[in-house]
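> Following this message is one structure expressed as structure tokens.
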Amino acid sequence: AQSVAQPEDQVNVAEGNPLTVKCTYSVSGNPYLFWYVQYPNRGLQFLLKYITGDNLVKGSYGFEAEFNKSQTSFHLKKPSALVSDSALYFCAVRDLPPNDYKLSFGAGTTVTVRA
Amino acid sequence: NAGVTQTPKFRVLKTGQSMTLLCAQDMNHEYMYWYRQDPGMGLRLIHYSVGEGTTAKGEVPDGYNVSRLKKQNFLLGLESAAPSQTSVYFCASSPLAGDYNEQFFGPGTRLTVL
């Protein structure tokens, strides 16, 4: 089965510093990977996705993610974090056809950016 | 364009009571999903639907039922609530899977079962 893992429950960074949220995947075939963000008391919002092509994917709010096939990773990055980036981040992977409309989510990583 | 909406936002039930959560989307999406979110466990799929009149079981379907009589609505029912069903419930929708489109989420319903 397709799955993702987020090895860090929490990430703490100072405002202005680089932010990295880690995700590793385990799939059969080509991976289709997503990042979502959840702000307090809100639903999940889509940030970016990797389907194919460039290994560096750019998304919303200045976030980007690097797909690394040899390390089976899809880490989310932001060059300069903001306090407003404090949220819960989820990595997700699509299931295999014919169920490729379904997503499997990681456990989530809580990001705290201190002023 | 409201996207995905959920009703109610909060609810407290006593063990054994029943309730229905309503999800509505105005994006004409084919697929709809119900998830539950529990601390440290990410989102787990309860039930889903691939079109009007269809439903299917997800990862954790026990204790829940669903219906999709209209394309825009997806209802989640709890017939006899249990404390283990205390959670935050999210509805999501997505268009046809061909372009690997993302899912769009509602704001969630926080349910407490006493």
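Here's the yes/no breakdown for (1) at pLDDT 95 or above; (2) over 21 Å from B:Y31 (Cβ atoms); (3) out of contact with any Cys (no Cβ under 7 Å at 6 or more places or on another chain):
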residue	(1), (2), (3)
A:V21	yes, yes, yes
A:S26	no, yes, yes
A:P31	no, no, yes
A:W35	yes, no, no
A:G43	no, no, yes
A:I51	no, no, yes
A:F63	yes, yes, yes
A:K69	no, yes, yes
A:V83	yes, yes, yes
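> Which of the residues that make up segment B:75-107 are open to solvent by less than 10 Å² (accessible area, probe 1.4 Å), facing chain A (nearest Cβ under 9 Å) and part of a loop (DSSP other than H, G, I, E, B)?
Scanning segment B:75-107 gives B:Q103, B:G106.
> For a quick check of your reading: which strands (runs of 3 or more DSSP E) sit entirely within segment B:1-69 and have at least 2 residues that are at pLDDT 95 or above and within 14 Å of chain A (Cβ to nearest Cβ)?
In segment B:1-69, B:4-7, B:19-25, B:31-37, B:43-49 are the strands (runs of 3 or more DSSP E) which contain 2 or more residues that are at pLDDT 95 or above and within 14 Å of chain A (Cβ to nearest Cβ).
> Here's another thing I want to ask about it. Identify the single condition in (1) among the basic types (K, R); (2) exposed (fewer than 15 other Cβ atoms within 10 Å of the Cβ); (3) under 12 Å from the mean Cα position of the chain (by Cα) that A:K69 does not satisfy, given that it satisfies every other one.
The failed condition is (3).
> Considering each residue of segment A:72-94, count those that are open to solvent by less than 20 Å² (accessible area, probe 1.4 Å) and more than 18 Å from A:E8 (Cα to Cα), and give that number.
Residues that pass the stated criteria total 1.
> Would you point out which residue out of A:L48, A:L44, A:L19 is of a type in the set (A, V, I, L, M) and out of contact with any helix residue (DSSP H, G or I) (no Cβ under 8 Å at 6 or more places or on another chain)?
Going through A:L48, A:L44, A:L19 in turn, the sole match is A:L44.
> Tally the residues that are in contact with a strand residue (DSSP E or B) (Cβ under 7 Å, 6 or more places away or on another chain) and without any contact (Cβ under 8 Å) to a residue 40 or more places away in the chain, restricting the search to segment A:9-33.
Going through segment A:9-33 one residue at a time, the tally reaches 0.
The values are calculated or read from the model by the stated rules, or taken from the named source; none is laboratory data. All of these numbers come straight from a predicted model, not from anything done at the bench. Glycine also receives a Cβ, built like all others from the backbone with ideal geometry; neighbour counts cover every protein chain displayed. To get the accessible areas, we keep the full protein, side chains included, count just its heavy atoms, and leave off ligands, DNA and RNA. Shrake-Rupley method; radii C 1.70, N 1.55, O 1.52, S 1.80 Å.
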